[in-house]
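This report concerns only the one structure given below.
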Amino acid sequence: MNITLKKPDTLGALASALCLVHCIATPFLFLLPIGIESGVVPNWWKQLDIFFLIISFLAVFQATKTTAAPRIKPALWLSWFALTFLLLNEKFEGFPLPEIATYVVAISLVILHLYNRKYCQCKTDTCCTKNG
């Protein structure tokens, strides 16, 4: 939990990047012998996207509390909500959307977190907040 508080953008970029790798790798699971035999992706693999969303939520929440860039706050939240919508839409088989949308939103979340890192490079916990 310490990394969430001290380096939320690093955690957010990492979680978003891993989510992206997860989304890209999923179709390739069907190419593995176990995927061909069973015809399904393992349940634990399907749940990883929810895990990444939770970690990303914590990172966005903390990053938006400490950023000095006011435009980054809505951009991070918009990206997180868009990613959540896309992943839940896919999980519950809502209306068809191109996979590229998920990739673009995940990449934008990574970029936003990396961009935001330069706004809070402090030695103390409160130097980037408005009160500190």
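The values are calculated or read from the model by the stated rules, or taken from the named source; none is laboratory data. Predicted, not measured: the structure shown is a model, and the values here were computed from it. Glycine also receives a Cβ, built like all others from the backbone with ideal geometry; neighbour counts cover every protein chain displayed.
If I go through region 59-75 residue by residue, how many of them are among the aliphatic types (A, V, I, L, M), within 17 Å of the chain's Cα centre (by Cα) and over 13 Å from residue 7 (Cβ atoms)? If you could, list the steps in order and put the result at the bottom.
First pass over region 59-75, keeping only residues among the aliphatic types (A, V, I, L, M): 59-60, 63, 68-69, 72, 75.
Pick out the ones that are also within 17 Å of the chain's Cα centre (by Cα) and you get 59-60, 63, 72, 75.
This time we only want the ones that are over 13 Å from residue 7 (Cβ atoms), so: 60, 72, 75.
Qualifying residue count for the region: 3.
Listed residues 42, 33, 8; which is more than 14 Å from residue 106 (Cα to Cα), modelled with pLDDT under 85 and surrounded by 13 or more Cβ atoms within 10 Å (Cβ to Cβ)? So that I can check it myself, show each step before the final result.
Numbers: 42 fails: surrounded by 13 or more Cβ atoms within 10 Å (Cβ to Cβ); 33 fails: surrounded by 13 or more Cβ atoms within 10 Å (Cβ to Cβ).
Within the list 42, 33, 8, the selection yields 8.
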